[in-house]
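Trainee: The structure is given below, and queries will be raised subsequently.
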Amino acid sequence: MRKITAITITLALFVSGAAYALTADEIVRKASAASYYQGKDGRADVNMVITDSLGRTRERYMTILRYDHEDNGPQRFYVYFHRPSDVEGMSYLVWKKPGEDDDRWLYLPALDLVRRVAASDKRSSFVGSHFAYEEISGRGPEEDTHELEGEEDGKYKIRSTPREPGEVEFSYFVTWVNKDNFVPVRAELYDKRGKLYKTIEALEIKDIEGYPTVVKMKASDLNTGGNTVSEFSDIDYDIGLEEDIFTERYLRRPPRRYIR
C-alpha cells in the first residue's frame, strides 16, 4: 500500500509539473507582453547614441507614446524627434496589426511630407541607428516558429526561425528571457550563412510603477563594429492616452501635452 501511495504521489507531482511547464510559444508571447505591452499605454523619452566603426557618434532624442488594445494584440506607436536639428519635428507612426503587415508612416517636416513606410522596409535602419524599424515596435511572435533550447542562469533560451525567410535578412535568432519576469535580456541574430552578425542587449532593468522595464539597451553590428545605445527616462504608464492621437493628422501637429 505504501508503494502504491508513493508511486501515486510521484506521478501526481510529475503530471502537475508538466501541466505548468511553458512551451516556447507561451514564453515568447509573455516576453513580447513584457517588452511592449506594459500597462494599457505609456510614454518615455529616449536618448539614442549611435557610434560608427570609427568611434564617431551621433545622437537622437525622441519621445515615444504607446497605446494598446490588448496584450499581444493591435497596438499604436507614436515617435516624435526633438533633436538634433536635422530630425527635429520629424514623427513616426506605427499601427501594429498582429498577423498582418503593420502600417507605418514617417513625417518629414523639411518637405512637409508624410511618407508611407513600406512593409518591406521593416528591417531597414531606424533613423540611421543599429536598430531596425521592427525592433522599435516589436516583432510579432506569430512571425516565427519557436523552439525552447534549454535554460541558462535563470533564463529561457529560445531559438526563433522566420516563417517567411525571404522577408528578413536573418536565418534565425536566439533570445534569452528572464524566467522571473519574462523580460528578454539578450538576442543574437544569425545571417543566411549561420554567422552571428548582430546582438541586442538589455543593459539595465528597473521596476517602474510595478513593471520590470528595460531602461538601457544596446544594438551592436558585429560586422562593422558600430553600435547604438538607447537610454529611457521619464517613463510613465497608464496615463490615459487617447487613441485618436495615433492618427496621421497628429504627425504634422504633435500632441504637446505628452511631447515635452
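The values are calculated or read from the model by the stated rules, or taken from the named source; none is laboratory data. If you're wondering where the values come from, they're calculated on a predicted model, not measured in any experiment. All Cβ positions, glycine included, derive from the backbone under ideal geometry; neighbour counts span all protein chains shown.
Trainee: Take region 213-230 and flag every residue that is touching a Lys or Arg at 6+ places or on another chain (Cβ under 8 Å) and over 16 Å from Asp52 (Cα atoms).
Mentor: Scanning region 213-230 gives Thr213, Val215.
Trainee: May I ask you to verify whether Glu135 is within 23 Å of Ile50 (Cβ to Cβ), of a type in the set (Asp, Glu) and surrounded by 12 or more Cβ atoms within 10 Å (Cβ to Cβ)? Please lay out each step first, then the result.
Mentor: Working: within 23 Å of Ile50 (Cβ to Cβ): yes; of a type in the set (Asp, Glu): yes; surrounded by 12 or more Cβ atoms within 10 Å (Cβ to Cβ): yes.
Yes: the conditions hold for Glu135.
Trainee: Shifting gears a bit: What number of residues in region 140-156 are assigned to a loop (DSSP other than H, G, I, E, B) and either without any contact (Cβ under 8 Å) to a residue 12 or more places away in the chain or in contact with a Pro (Cβ under 7 Å, 6 or more places away or on another chain) (or both)?
Mentor: 2
Trainee: I'd like to check something: does region 33-42 contain any residue that is without any contact (Cβ under 8 Å) to a residue 40 or more places away in the chain, within 30 Å of Gly99 (Cβ to Cβ) and under 14 Å from the mean Cα position of the chain (by Cα)? Lay out the reasoning, then the answer.
Mentor: Of region 33-42, the ones without any contact (Cβ under 8 Å) to a residue 40 or more places away in the chain are 37.
Filter once more, keeping what is within 30 Å of Gly99 (Cβ to Cβ): 37.
In the following step, the residues that additionally are under 14 Å from the mean Cα position of the chain (by Cα) were identified as 37.
Scanning region 33-42, I find at least one residue that is without any contact (Cβ under 8 Å) to a residue 40 or more places away in the chain, within 30 Å of Gly99 (Cβ to Cβ) and under 14 Å from the mean Cα position of the chain (by Cα), so the answer is yes.
Conditions tested, residue by residue: (1) modelled with pLDDT of 90 or more; (2) closer than 16 Å to Ile136 by Cβ; (3) in a loop (DSSP other than H, G, I, E, B).
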position: Ala6; (1), (2), (3): no, no, no
position: Arg43; (1), (2), (3): yes, yes, no
position: Val46; (1), (2), (3): yes, yes, no
position: Gly55; (1), (2), (3): yes, no, yes
position: Arg60; (1), (2), (3): yes, yes, no
position: Tyr67; (1), (2), (3): yes, yes, no
position: Gly73; (1), (2), (3): no, no, yes
position: Gly99; (1), (2), (3): no, no, yes
position: Val114; (1), (2), (3): yes, no, no
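Trainee: Can you give me the number of residues within region 199-212 that are within 22 Å of Thr51 (Cα to Cα), crowded, with 17+ Cβ neighbours inside 10 Å and not small (Gly, Ala, Ser)?
Mentor: The total comes to 3.
Trainee: Looking at region 220-260 only, could you name the residues that are among the β-branched types (Val, Ile, Thr), out of contact with any Ser or Thr (no Cβ under 7 Å at 6 or more places or on another chain) and under 22 Å from Ile208 (Cβ atoms)? Spell out how you get there, then give the answer.
Mentor: Of the residues in region 220-260, the ones among the β-branched types (Val, Ile, Thr) are 224, 228-229, 235, 239, 245, 247, 259.
The next check asks that each one be out of contact with any Ser or Thr (no Cβ under 7 Å at 6 or more places or on another chain); those that pass are 229, 239, 245, 247.
Correct list: Val229, Ile239, Ile245.
Trainee: Is it true that Asp244 is within 21 Å of Val94 (Cα to Cα) and free of Cβ contacts under 8 Å to residues at least 24 places away in the same chain? So that I can check it myself, show each step before the final result.
Mentor: Values: within 21 Å of Val94 (Cα to Cα): yes; free of Cβ contacts under 8 Å to residues at least 24 places away in the same chain: yes.
Yes, satisfied.
Trainee: What is the one condition in (1) touching a Leu at 6+ places or on another chain (Cβ under 7 Å); (2) in contact (Cβ under 8 Å) with a residue 24 or more places away in the chain that Lys218 does not satisfy?
Mentor: (2)
Residue-by-condition table, conditions (1) under 15 Å from the mean Cα position of the chain (by Cα); (2) farther than 24 Å from Ser220 by Cα; (3) without any contact (Cβ under 8 Å) to a residue 60 or more places away in the chain:
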{"site": "Arg104", "(1), (2), (3)": "no, yes, yes"}
{"site": "Asp121", "(1), (2), (3)": "no, no, yes"}
{"site": "Val127", "(1), (2), (3)": "no, no, no"}
{"site": "Gly138", "(1), (2), (3)": "yes, no, no"}
{"site": "Ile158", "(1), (2), (3)": "no, no, no"}
{"site": "Gly166", "(1), (2), (3)": "no, no, yes"}
{"site": "Lys179", "(1), (2), (3)": "no, yes, yes"}
{"site": "Phe182", "(1), (2), (3)": "yes, no, no"}
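Trainee: Considering each of Ser120, Ser35, Ser129, Ser85 in turn, give the residue that is in a helix (DSSP H, G or I), under 28 Å from Arg260 (Cβ atoms) and either out of contact with any Pro (no Cβ under 9 Å at 6 or more places or on another chain) or polar (S, T, N, Q) (or both).
Mentor: Ser35
Trainee: Ser220: among the hydroxyl-bearing types (Ser, Thr, Tyr), within 12 Å of Ala44 (Cβ to Cβ) and touching a strand residue (DSSP E or B) at 6+ places or on another chain (Cβ under 8 Å), yes or no?
Mentor: So Ser220 does not fit the description; no.
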